[in-house]
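Read through the structure below, which is laid out as structure tokens, and then see the notes.
Just so it is clear, none of the values below were taken in a lab; they were calculated from the coordinates. None of these values were measured; they are calculated from a predicted model. Ideal geometry is used to build each Cβ from the backbone, glycine not excepted, and the neighbour counts take in all protein chains shown.
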Amino acid sequence: MTTLNSRLQLAMLNRKKGRNLLEKGFTLVELMIVIVIVGILSSVALPNFLSQQDKAKATEGTTTLSSILKTAYADYQADNSATDASTAATVAIAGANKVNFDYAHSPVTTGDTIRVLATGKAGLEDKGNLGGCVKLTTGEIKISKSLDTALTEAKISCPETQNGG
């Protein structure tokens, strides 16, 4: 009787193993649910990721603007010449990374402020520009922190000059 029981148990185990081999894997419904969940997550995450790229490019632009303006101010401090500061800004612009922005400034003719405009390119044309300026007598720097489509060199917000403008 014991051999019969052991054979029966062995047959049941073999049958159970065979059934498990057939039942392994995922059903079509389970796979479809996973695909729907991944699709929903990607539709939520993708726009946030794309806006992060623009923010990173804007940060790179503000860093470059800051570098250009600090260079101009440092050169101004050397001999109190606005013309030399303007030349230093031109040299710094020539060496700037121009992948995302084109940088330009107008020479200082009156006053003590240098303005630099960063015009967006490489996918940023429709997003806007960045701007910044430095007041040469005090070294105060102001830089726009976000892209602005209406920003021009004349509209760059700068520290007030000694003449009140």
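Structure above, values below:
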{"quantity": "Helical mean residue ellipticity (222 nm; -39500 (n - 2.57) per DSSP H run of 4+; nearest 500) of the chain", "calculated": "-19000 deg cm²/dmol"}
{"quantity": "Loop-located trypsin sites (Lys or Arg not before Pro) in the range 61-131 whose Cβ has at most 16 other Cβ within 10 Å (DSSP)", "calculated": "Lys98, Lys121, Lys127"}
{"quantity": "Under the Karplus curve 6.51 cos²θ - 1.76 cosθ + 1.60, θ = phi - 60°, whole-Hz ³J(HN,Hα) for the range 43-54, x wherever Gly or Pro sits", "calculated": "5, 7, 7, 4, x, 5, 5, 5, 5, 5, 5, 5"}
{"quantity": "Length-normalised contact order of the range 1-148 in % [C-alpha pairs under 8 Å, at least 6 apart]", "calculated": "18"}
{"quantity": "For Glu140, residues with placed amide H under 5 Å, excluding near neighbours", "calculated": "Lys135"}
{"quantity": "J(HN,Hα) series, the range 119-131, from Karplus relation 6.51 cos²θ - 1.76 cosθ + 1.60, nearest Hz, glycine and proline x", "calculated": "8, x, 8, 6, x, 9, 4, 8, 7, x, 10, 10, x"}
{"quantity": "Size of the chain as Cα extents on the principal axes (Å, biggest first)", "calculated": "112, 31, 26"}
{"quantity": "Modelled FRET efficiency - R0 45 Å, Lys98 with Thr27, Cβ distances, 0.05 increments", "calculated": "0.25"}
{"quantity": "Candidates Ser66, Ser42, Ser144: whichever shows maximal mean-square fluctuation once the chain is modelled as a Gaussian network with Cα springs under 10 Å", "calculated": "Ser42"}
{"quantity": "Spin-label pair Thr3/Gln52, simplified geometry with 7 Å Cα→Cβ offset, distance in nm", "calculated": "7.0"}
{"quantity": "Extension gain from Ala150 to Lys16, taking 0.36 nm per residue of separation minus the Cα-Cα distance", "calculated": "40.9 nm"}
{"quantity": "Cβ-based exposure ranking for Thr137, Thr83, in which fewest neighbours within 10 Å come first", "calculated": "Thr83, Thr137"}
{"quantity": "Distance violations [Cα-Cα > 19 Å] among Lys98/Lys142; Lys121/Lys145; Lys55/Lys98; Lys57/Lys98; Lys55/Lys145", "calculated": "Lys98/Lys142"}
{"quantity": "Kirkwood hydrodynamic radius of the range 73-131, from inverse mean 1/r over distinct Cα pairs, in Å", "calculated": "12.3"}
{"quantity": "Ranked list, fewest to most other Cβ atoms within 10 Å of each Cβ, for Ile114, Ile93, Ile37", "calculated": "Ile37, Ile93, Ile114"}
{"quantity": "Karplus 3J(HN,Hα) series, Hz, for the range 75-87 with 6.51 cos²θ - 1.76 cosθ + 1.60 (x for Gly, Pro)", "calculated": "5, 5, 5, 5, 9, 6, 10, 5, 5, 5, 5, 5, 5"}
